[in-house]
1. Averaged over A:235-247, how many beta carbons belonging to a partner chain fall within 10 Å of each residue's beta carbon?
2. Taking the DSSP beta bridges in the protein assembly as shown as the whole, what percent of them are antiparallel, to the nearest 5?
3. If you take every DSSP beta bridge whose two residues both sit in the stretch A:225-351, what share of them, in percent to the nearest 5, is antiparallel?
4. Taking the beta-carbon count within 10 Å as an exposure proxy, list A:Ile497, B:Ile369 from fewest neighbours to most.
5. Rank the residues A:Val385, B:Val212 as a footprinting-exposure proxy: fewest other Cβ atoms within 10 Å of their Cβ go first.
6. Using a 10 Å cut-off around each Cβ, can you sort B:Leu345, B:Leu505, A:Leu166 from fewest to most neighbouring Cβ atoms?
7. Relative to the Cα centre, what is the charge dipole magnitude of the stretch A:76-233, using +1 at the beta carbon of each Lys and Arg, -1 at the beta carbon of each Asp and Glu, and rounding to the nearest 20 debye?
8. Hey, rough spin-label estimate for B:Asp201 and B:Ser82, points 7 angstrom out along Cα→Cβ, what's it come to in nanometres?
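Bear in mind that the values in this text are calculations on the coordinates, not laboratory data. Keep in mind that this is a model prediction, so the values were computed, not measured. Neighbour counts run over all protein chains shown; Cβ positions are idealised from the backbone, glycine included.
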Number of protein chains: 2
Amino acid sequence: MTVQTSQSQVYSQLENTFQQVYQLQHLSAIAHWDAATMMPSGGNQARGRALAEISGLINQLIGSAQVGEWLQSAQEHSQELSDWQQANVREMHRKWLNATSISNELIKAKSIAGSRCEHAWRTYRSDNNWIDFQPLLQEVIQLTIEESQQRGEAMGLKPYDALLNLYEPGQLSSEIDPIFAKLKQFLPEFIHQVVARQTHDSLILPQGKFPVEQQKALGCELMKRVGFNFEHGRLDVSHHPFCGGVPEDVRITTRYQEDDFSESLMGVLHETGHAKYEQGLPEDWLQQPVGEARCMGIHESQSLFQEMQIARGKPFLQFAAPILKKFLGNAETPEQCWQADNLFLLNNRVKPGFIRVNADEVSYPLHVILRYEIEKDLINGQLKVADLPEVWDQKMQTYLGLSSKDNYRDGCMQDIHWTDGSLGYFPTYTLGAMNAAQIFSAARQAINGLEQQIAKGDFSQLNQWQRDNIWSKGSFYRVNDLMRHATGETLNPDYFINHLQQRFLS
Amino acid sequence: MTVQTSQSQVYSQLENTFQQVYQLQHLSAIAHWDAATMMPSGGNQARGRALAEISGLINQLIGSAQVGEWLQSAQEHSQELSDWQQANVREMHRKWLNATSISNELIKAKSIAGSRCEHAWRTYRSDNNWIDFQPLLQEVIQLTIEESQQRGEAMGLKPYDALLNLYEPGQLSSEIDPIFAKLKQFLPEFIHQVVARQTHDSLILPQGKFPVEQQKALGCELMKRVGFNFEHGRLDVSHHPFCGGVPEDVRITTRYQEDDFSESLMGVLHETGHAKYEQGLPEDWLQQPVGEARCMGIHESQSLFQEMQIARGKPFLQFAAPILKKFLGNAETPEQCWQADNLFLLNNRVKPGFIRVNADEVSYPLHVILRYEIEKDLINGQLKVADLPEVWDQKMQTYLGLSSKDNYRDGCMQDIHWTDGSLGYFPTYTLGAMNAAQIFSAARQAINGLEQQIAKGDFSQLNQWQRDNIWSKGSFYRVNDLMRHATGETLNPDYFINHLQQRFLS
C-alpha cells in the first residue's frame, strides 16, 4: 500500500473486492440451484468443475494478503467509518479469517476425502454397510480435527467452537451447553406426556390422491399470502428441499408425494420463511458482507418461525383451512378433515422415530443434541469413530427410547453432514427453533391482536415487525445483540419450552 | 518468464488458463440461459451485474500480458507441439487478439452506448419512432467504426473484415462479395417463379388448437429421434428461441403458439441442429479453444442442415407425418392435412415479407444481403445513419418488391443486432444456409440411400458422418479447410441454388 492511500480509499477498495465476490457468488448460487432442479445428469461433472473453479476464485479474492493489509488498516482507523461500515469491516475480517485460517493442503485433502466419503455414503447407507464406511468417515473426521485446531488457533477459539463459528459466528459451546442441558432434561418426559395425550385425539386423515399440480398451486397461493415476492423468486422441485439463489432472486424448492400433501406444504412454508429473510435483507448493503443474513441459527429461526410458530398453529390453520379445501378437496376425503381443529391435529402429531429429518417439533431437538454431543467428543478426541454406532444407540435409547443397534442406515449413517466434515452445523437447527419461539413471543408482545390478524390471513404487521427487527439488520449486529434488540434478551430456552407446552399440552 | 521454463510448461500454462476460462464461461452460459427461461423479472439487475463481472474477468484472463508472452513463445516453438496443440495455440491467439485489440475505454463506451440503445430500441421500435432512435444508433455505429479500425489494425484486416472475423474467423468480405452477388442475381426472379407456381398448390391447413403440452411432447420425441441426447441437454421456453448452455449440457428453447405448431416444431429442430453440433464437439478438447465450434457460419449450417436440408424435406416429413398426427391430431383438422405431401407444402410456402426472422428459405438471403451491404457501407463511412431508412426502402423494393417507407418498425428498426453494435454478424446466417446445402450434398454422396434412411427415421449414419466430418473437428481446421475436408471444396453457392431449385421448382 502506498503512503498516499487515504483511509476512505482503503475502505472503498475493500468494498470493491467484496462486491466482486458478491457477483461471483451470484453465479455460483444460481448454478447450484440449477444443478439441483434443472440440470440433466450428464451435466454433473462439468458443473462440478465449474463450481470448484469459482469457489477457489472466491476464496483467493477474499483471502488475499492485500485484503488482509486493507483490513488491518481499516480496523486501525475505524473511527473514520460509519457504524454500518464498521460492522461491514468486522464481517469482512471474519470472512478473511475463514478463508485464511487453514492451510491450502488441508483444504484440498479435506475436499478430496469429503467427496469420496459423501459419494460412497450414498451406496453404503442404503446397504447398511458401516464396516466399509467407517474408514472413509475416519479420514474425514481426522482432517476435520486438524481443521478445527488450525482454525481455533487463528481465531483464538477452542477447536469445536472454531467449527461452530463457521455457521454461528459469535456463539460458543459453553453458552449452548447449559441451554441444551435444560432441553435434555425437559423433553424426554414431555414427549411421553404428549404421546399419551394424543392417543385420545380423534384425527381424521386425508384420503385419496392430491395431484402435484394442485399441491403446487396451493403452495404458491400460500407463499403469496404470507408475503413471498414472486417478482424476486421461484418455487421448484428438487430431491432435497432447500432455499437457494440470491436475495434479489430467491429460489426455494420442495418435493411432492401425491398421497401426503402436508409434508410438501409445511416444507414450502418452511423454505418461504428462509426466503422472506433473504428478500428482506438491507437493500443498501446487499452486495456487502454486512448485508448478508446473520447466521444459520437466525436463518433457521425465520424458517421455523414461518413453519412452527405460524403455519402449524391454530390461527394460521383457521385462515388456511378453506384454502386447503378449495385446492385439495376430493371425493375420498371427509369434509371434517378440512376443519382447522383437525388440520391442527394432523400437523402436530408427536411420535419419536429414528430419522431426524422426519422428526416432529418435540423430538427434533433431541436428535440435534445427540449429534452435538457426539461431534464435540469426536473433535475433542474423546470419542473414536469406531465407537460411534454404540454411543449413538445408547443416546437414542436414553433420549427417545429407541434402539438403533445394527441399524446404521437409520442410525449414525443417516445424515450427510459428517460425510464431508461439516461438523458444527447441527446445533443451528435447535438454536433456530428456540430463537423462533423467543422472537414470536416478542412479536406477539409488540403487535396487538397478532393471532386475530393471522387467523384472517393478514400478515402485514407481522412481516413489517420481522423486517424491522431481523431481516433489515443483515449482519449489522452480532447474534446475541440481534436477539437482545429484537426480543429484549439473549437466547433463553424457556420461550421454546413454553411454546411446546402451549401447543401440545394446553 | 524464467529461463528455466520449458516449452511444454509454457503450453501447459496456456491450457490451464484457458481451462479456467472454460469453467467461468460455463457459469456465464448457465446464468444467461436461466435469465431467458427461469429468472423472475426482479432478478434482472443483479444478474446483469454478475454477468458483466464474469465477462470482465474472462477478458482479463484471456487478454493478460502473460498470456501474450506465453503465446509468442509457444508459436516460436510450435514444432514441439502436436497438430491439435498447434491449432489450439492458433485459436488461443485469436482469442487473445480479440481481447486485446481494442482499448478498455472503447469497450466501456461501446458497452454503455449499446445498452442504452438496445434498451431504448424496445420502446422506440414498437412506437415506430425513428427520430429518437437515430442519435442513439448513430453513437453506437460511430463507436463500432472506431472498434473496427482498432481491431483491423491489430489483426491486419480491413475494418469491416475485423468485425466479420469476430464471428467468422478466416472469412473476408472480398470472398463473400462474389458469392452474395450470385445469389442476388438469382433470387429475385426465382422468388417470382416459386410464388407463381405455389398459387396452384392445394394446401390443407391445420385447424383448431394444438395445446402446448402436446407440442412440447412432439418436439421432445423428434429431438430424440434425430439424435439429441437428453442426458446432456434440455428443451425449455423463452421469448426468443436459442441454443445455449455448454457442450456437456446443451439448453435449447422454443416458444409455442397454440394455433400454429409449425413455427415451434421447425424452430425446435433448428435449435436441435445447433445442439447436436455442441454435443458432438471433440470430447478430449472440450475445455480448450480448439474444442469449440468452428464459427457462426458453420454453427448455422448445422441448424439449417437439420431444419432446411432435413426436416422441411419430403423424406423427413414422410417419417414424421404419422408422429405429427399421433401427437397433434384433433377433430377439426382434416385427415389429409397430416399426409407428407401436404406437410411439405405447409412447411415450404414462399411469400416475401418485411421481417427477416419470419422469412421463408428463399427470401431469407435477400434480407441478409441487404443488411450486409448496408453495414459494410456504414463501417466504411459510405452511408450515414440518417440515410439508413431511405437506403433500406430502396433495397427492399429492388430485392423483395416491398416498400418499407415510413415503416421503420418493420424496416431498419426490426433487428436487435445493430443496437449494441454487433455488425458483421448478419452474413453468417446465409453463409450457414449455403454451407448446409453443400454439406448435405457431400453427405448424400457419401451415404448410400440416405434419403431412404431419413424416410425411415434412421439418422445413425448421417449423424456419424456429421460427427466425423464437422462436429468432432471443433476448431481444428480453419473454416475453408473444414469445408474442403468435408465437402471437397470451399464454399460454393451453386449447391444452395441447386437445393432451392430442387425443393421449390422440381
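1. 1
2. 50
3. 50
4. Least crowded to most crowded, the residues run A:Ile497, B:Ile369.
5. Exposure proxy ranking, most exposed first: B:Val212, A:Val385.
6. So the ranking, lowest neighbour count to highest, is B:Leu505, B:Leu345, A:Leu166.
7. For this selection, approximately 560 debye.
8. 4.9
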